[in-house]
Amino acid sequence: MGETVEIFEVGPRDGLQNEARAIPTAEKIALVDCLSRAGFRRIEVASFVSPKWVPQMADGAEVLAGITRVPGVRYAALTPNMRGYARARAARADEIAIFASASEGFSKANLNASIDESLVRFADVAEAARGDGVPVRGYVSCVTDCPFDGAVVPADVARVVRALVDMGCHEISLGDTIGRGRPEAVDAMLAAVLNVAESDILAGHFHDTSGRALANVDVALARGLRIFDGAVGGLGGCPYAPGAAGNLATEALAAHLTARGFETGLDVAVVAEAAEMARAMRGAKDADA
Ligand code: HMG
Ligand code: MG
């Protein structure tokens, strides 16, 4: 048996949030239900952000209410503030995520707040979650490149990682939000971050805009990371990050990891089925356009 690597499926959230077509709630539920059969331990299914900012995620409560929860699978949701946290709790999200940026330009565009202002908001959310016993994942976006500020300094990433760890996040996902990161830059960023956090609480979240996501996964594997985010069908992007394209496709990530001798615990046939559903959702949008 090879060493285990967890793939954290973000397709229903990071994948679908960027789709222009209003995807029916029933389609989202069907996608999550398919993913629940694929062997993922965690699936990010919703985002309780402002519906004015991301209309595509407005039906998060209906999605969480409609899915068939499989025992042992944690259904996660993004929460930008206390209002979002209350909505996530009411919808019975099993895990929540707070999401900061390493660059000021993206923080302002995505959260209408400076990095430090956002961290103050997130500290309140993390404290409430701790009191309720809800696990908190932290994201750091723009870990190598920002669509507004350009190259990001590794020490800036490490500072935000440390702040999120201090808040009690059990895991930090490092996001190459616009998929521009080069392996050398990812490696330098990880070297700085590993001074403030152990590799076993870090996840790699690579968008594949420049076709370098798998090379960046290899750099992260060499640095000891064993958790990676993927989105079935390579759906995705961030509406507030111009130029951000799809997430690294889960099926490509799983095949890559298997070829390197790692176990993902996924049923590749079911993952392929989910990827087909995801692509059909996008195809329908393209047909509408
Ligand atoms: P704001 O406009 O500064 O805040 O937005 P506000 O408090 O003035 O709220 C604006 C309106 O939204 C108000 O409504 C609020 O009530 C409402 P109005 O009074 O005008 O009718 N509102 C809410 N409604 C429902 N749920 C809430 C909520 N909060 C406010 N939780 C805010 C600040 C943080 C709300 C906004 O900037 C926001 O929602 N941002 C989220 C953007 C987003 O979701 N981006 C994509 C996810 S991040 C990502 O994709 C990156 C990642 O994948 C990692 C990577 O790739 O790097 C994670
Ligand atoms: Mg992302």
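Hey, any idea what % of region 6-288's accessible area is carbon plus sulfur with a 1.4 Å probe? Spell out each step's value before the answer.
Details: 5570 of 10530 Å².
Carbon with sulfur: 53 percent of the solvent-accessible area.
Using a 1.4 angstrom probe on the protein heavy atoms only, line up His207, His170 by accessible area, largest first.
Largest to smallest exposure gives the sequence His170, His207.
Relative to a virtual label point 7 Å from the Cα of Trp53 in the Cα→beta-carbon direction, which members of region 128-149 show backbone nitrogen distances below 17 Å?
The answer is 137-142, 147-148, whose backbone nitrogens lie closer than 17 Å to the label point.
For region 6-288, what does the relative contact order come out to in percent, with C-alpha contacts under 8 Å and a separation of six or more? Can you show the working numbers first?
Numbers: 622 pairs, mean separation 57.7, N = 283.
Contact order relative to length: 20 percent.
In what sequence, largest accessible area first, do Asp94, Asp149 appear using a 1.4 Å probe?
Ranked list, largest accessible area first: Asp149, Asp94.
Rounded to the nearest 10 Å², what accessible area does Lys108 have for a 1.4 Å probe in the complete protein model?
Its heavy atoms expose roughly 110 Å² to the probe.
Please compute the alpha carbon radius of gyration of region 6-288, then divide it by the globular-protein estimate 2.2 N^0.38 Å. Two decimals is fine.
Taking the Cα Rg and dividing by 2.2 N^0.38 Å, one obtains 0.90.
Considering only DSSP beta bridges where both residues belong to the chain, give the percentage that are antiparallel (nearest 5). Show your work: numbers first, answer last.
Working: 3 of 35 bridges.
DSSP beta bridges in the chain are roughly 10 percent antiparallel.
For the chain, report the accessible area per residue in Å² (1.4 Å probe, heavy atoms, rounded to an integer).
38
With labels modelled as points extended 7 Å from the Cα through the Cβ direction, what inter-label distance (nm, one decimal) is found for Asp166 paired with Ala222?
About 3.2 nm separates the two model spin labels.
Testing the spin-label approximation: label points 7 Å from Cα along Cα→Cβ at Ala65 and Ala252. State their distance in nm.
Those two pseudo-labels are separated by 3.7 nm.
With every protein chain present, what accessible area does Thr209 have (1.4 Å probe, heavy atoms only), rounded to the nearest 10 Å²?
60
Once the dipole of the chain is set up with Lys and Arg at +1 and Asp and Glu at -1 on Cβ about the Cα centre, which of Gly11, Asn216, Val63 lies farthest towards its positive end?
My answer, from the dipole projection, is Val63.
Test of understanding: what is the full-extension gain from Ala259 to Ala90, defined as 0.36 nm times their sequence separation minus their Cα-Cα distance?
Net length gain for the segment: 56.7 nm.
Modelling each spin label as a point 7 Å along the Cα-to-Cβ direction, I'd like the Glu198/Asp132 distance in nm, to one decimal.
2.8
Work out, step by step, the length gained on full extension between Ser114 and Ala151: first 0.36 nm times the residue separation, then minus their alpha carbon distance; give nm to one decimal.
11.6 nm
Ignoring the sites themselves, what is the longest stretch of the chain with no GluC sites (Glu not before Pro) in a DSSP loop and at most 15 other beta-carbon atoms within 10 Å?
The segment 4-197 is the longest one with no such site.
Counting Lys and Arg as +1 and Asp and Glu as -1, each charge on the Cβ, what is the dipole of the chain about the Cα centre in debye, to the nearest 20?
460
The values are calculated or read from the model by the stated rules, or taken from the named source; none is laboratory data. Only a predicted model underlies this, so the values are computations on that prediction, with no experimental measurement involved. Virtual Cβ from ideal backbone geometry, glycine too; neighbours counted across all protein chains shown. Surface areas here come from the heavy atoms of the whole protein model, side chains and all, with no ligands, DNA or RNA. Shrake-Rupley method; radii C 1.70, N 1.55, O 1.52, S 1.80 Å.
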